[in-house]
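Read-outs: derived from the displayed coordinates by stated rules, not from any lab. Just so you know, these numbers come straight off a predicted model, no measurement behind them. Counting neighbours? That spans all protein chains shown, and the Cβs are built from the backbone with ideal geometry, glycine included.
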Amino acid sequence: MFSLPLEHGALAPATARHGARPVLASWGLDEDEIYDTLLVVSELVTNAVTHALPPVALHLYAAANDAGCGRVQVHVSDGDPQPASSAWAATRPDDEHGRGAAIVSALADDAGTTGDMDGLIDRWADLSVA
């Protein structure tokens, strides 16, 4: 397991990718698997800092079955499902919005959203890896 608290702002997706890359490599993912996983990380973190309130955190989990097939779970938690007033998000052009869910769906085997009793929202995606 790997966890990384993130700043709620424009640098969060890059910080998340930078922190996750060496972890994914240490888990034995190849470059294509790392690329796909980092793209999902970036999309989920961008969603959190654009559409929710702090705190924001990245959590990665790895698992393997007896046949040697594995999966990586990407979880991004945020503080509240209500839109945040973010100067950064408000300045993004309209054509830079709306593709994140499609990208996550295309790369992940499964994805979803769960909430907890503390009011945090967890957006997650499962990806198969060799």
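Highest first, please rank the peptides 7-20, 45-58, 25-38, 100-113 by the mean number of other Cβ atoms sitting within 10 Å of their residues. Could you put the intermediate results ahead of the total?
On the way: 7-20: 17.5, 45-58: 21.4, 25-38: 15.9, 100-113: 14.4.
Going from most to least packed, we get 45-58, 7-20, 25-38, 100-113.
Across segment 118-130, in residue order, what do the Karplus-derived ³J(HN,Hα) couplings come to in whole Hz, using 6.51 cos²θ - 1.76 cosθ + 1.60 with θ = phi - 60° and x for Gly and Pro?
Values per residue, Gly and Pro as x: 8, x, 7, 10, 10, 9, 9, 8, 9, 10, 7, 9, 6 Hz.
May I ask you to give the average projected area over all directions of the convex hull of the Cα atoms of segment 1-63, in nm² rounded to one decimal?
Working: hull surface 15.6 nm².
Orientation-averaged projected area of the Cα hull: 3.9 nm².
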